[in-house]
Each structure stands twice: as C-alpha cells, then as structure tokens.
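Structure first, then comments.
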Amino acid sequence: MFHEIPKPILDRMKELEEIDTRDRQDGTPRIKRLRQVPPETGKVLAFLACTVPAQGAWLEVGTSAGYSALWLSLAAKARGKTLYTFELLPEKTALARETFKQANVEKLIELKNGDARGHVGDFGEVAFCFIDCEKEMYADIFDMVVPNLVADGLVIVDNVINYKQDLADFILRVEGDTSLDTVILPVGKGLMVSRKLAD
C-alpha cells in the first residue's frame, strides 16, 4: 500500500502539504486554512483502516481539501471499500473535489457537502470512522457512530492532545465507555482510537 503510492496521489499530497505550510506561516485565518493532518497521521490512519472488519461503511467527518482522504483512499483501494467523507464548508468541498479528481481517486471516495450530523446515523453498520471536524461536533458525531459500529470497528478522533483541555470531558467519557477499548496515540496532534468490543 505505501510502497506503490500512485504519482497523482503523491503529487497532490505534496501540493496540499505546501499550501498548508504556507497558510500556517503567513497567518491565514484558522477557519480558512486547510487544517489537515500531518503525513505521519495520514499514514497511521490508512494502516488502521486496513485492519477493520470487512462489513460496514467507512466514514470521515471533516474533509477539508481531501488530504487525509487521500491516505484513506489507499486503504479503501486495498480493501475494496468506498470512503464517505463529509465537509461542512462549500469552498473546502470544492477544493476536495479538485483533489480527488487530480489524484484519480474519485471512484474510491464519495464526498458530501453539509453537516455530517444529518447523515452519519443513516449508515446501518460502520467499520471505520475518522473524526476531524469542529471540536464542538465531536461528541455528537461520536455518539451517532458508536451504536452502529461493528465489533472490532474503529472510531478515530484527531487533535486530542493539542486540544486536551477543551476535549477533557469528552475524552474522559469515551475512555469510560465499557463497550469500547480506547487508547490515545501520540501521533501528530494526538489520535484517540476506540475499538468496539464484541457483545
């Protein structure tokens, strides 16, 4: 999966990495920045996605310009899955569409513009979900996904180390959920990985 990443994907990843670095350096307002995961986080996401059960949908909440979805597309291709990704902002949705077209991954990804809270509960079974959106939406999304998570399915939440104070109550509640095994990985800005236990 990582040894033979197609050139169109690598090229678009590099382009987005350069835009992200420039935005952070020149003081672009936070809401307008790409706010994407670093490469090491993308690689871990793809690796973990390849470990989930065969049944169940793959979801991403918070597409931005599509960088993390490019990593997840590698796993989706390897596993024969479609990634459903949700982006709230129209301008970032347009960027993501451009990303997926340039990287030739449109057949692997279904992009939806709008509030994911109106959609993620519609998936009867979920095997994988990556949450990287506005922090005030984390708990709502998590609570909608977990009841539909298949045994050994994963929910991964980003930014739990650099937003540790803001997310403290949410993290504590997730870690106390006896239907899940949860660990926090010091990768990027902190990934909280929860695995659904068998009934």
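The values are calculated or read from the model by the stated rules, or taken from the named source; none is laboratory data. Computed from a predicted model, the values in this text were never measured in an experiment. All Cβ positions, glycine included, derive from the backbone under ideal geometry; neighbour counts span all protein chains shown.
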Completion exercise
When the range 178-199 is checked residue by residue, the ones that are in a loop (DSSP other than H, G, I, E, B), at pLDDT 95 or above and within 23 Å of Gln55 (Cα to Cα) are Thr178, Ser179, Leu197
Problem - Pick from the range 96-131, criterion basic (Lys, Arg) and in contact with a strand residue (DSSP E or B) (Cβ under 8 Å, 6 or more places away or on another chain), ranking: nearest to Ala65 (Cα to Cα) - result: Arg97
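For (1) touching a Cys at 6+ places or on another chain (Cβ under 8 Å); (2) in contact (Cβ under 8 Å) with a residue 60 or more places away in the chain; (3) not β-branched (Val, Ile, Thr), each residue gets a yes or a no:
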residue	(1), (2), (3)
Met137	no, yes, yes
Asp143	no, no, yes
Ile171	no, no, no
Asp177	no, no, yes
Asp199	no, no, yes
Exercise for the section: Output the number of residues of the range 96-144 satisfying the condition of being of a type in the set (Phe, Trp, Tyr) and under 21 Å from Arg12 (Cα atoms). Expected result: 2
Handout entry: Trp71 being at pLDDT 95 or above, in contact with a helix residue (DSSP H, G or I) (Cβ under 7 Å, 6 or more places away or on another chain) and not in a helix (DSSP H, G or I)
Key = no
Practice task
Give Lys81, Lys92 a once-over and let me know the one that is charged (D, E, K, R), under 24 Å from Asn113 (Cα atoms), over 13 Å from the mean Cα position of the chain (by Cα) and modelled with pLDDT of 95 or more.
Solution key: Lys81
Completion exercise
For the range 103-136 the number of residues that are surrounded by fewer than 23 Cβ atoms within 10 Å (Cβ to Cβ), of a type in the set (A, V, I, L, M) and assigned to a loop (DSSP other than H, G, I, E, B) is 1
Exercise for the section: Of the numbered conditions (1) touching a residue at least 24 places away in the same chain (Cβ under 8 Å); (2) closer than 21 Å to Glu17 by Cα; (3) touching a strand residue (DSSP E or B) at 6+ places or on another chain (Cβ under 8 Å), Pro90 fails exactly one; give the number of that condition. Expected result: (1)
Practice task
Mind listing whichever residues of the range 117-153 are under 22 Å from Ala198 (Cβ atoms) and among the acidic types (Asp, Glu)?
Solution key: Glu125, Asp143, Asp152
Problem - Phe100 under 21 Å from Lys135 (Cβ atoms), touching a residue at least 24 places away in the same chain (Cβ under 8 Å) and surrounded by 15 or more Cβ atoms within 10 Å (Cβ to Cβ) - result: no
Exercise for the section: With the checklist (1) surrounded by fewer than 17 Cβ atoms within 10 Å (Cβ to Cβ); (2) at negative phi; (3) out of contact with any Cys (no Cβ under 7 Å at 6 or more places or on another chain); (4) at pLDDT 95 or above in hand, flag the one item Arg30 doesn't pass. Expected result: (4)
Completion exercise
How many residues of the range 150-177 are part of a strand (DSSP E or B) and aliphatic (A, V, I, L, M)? The answer is 6
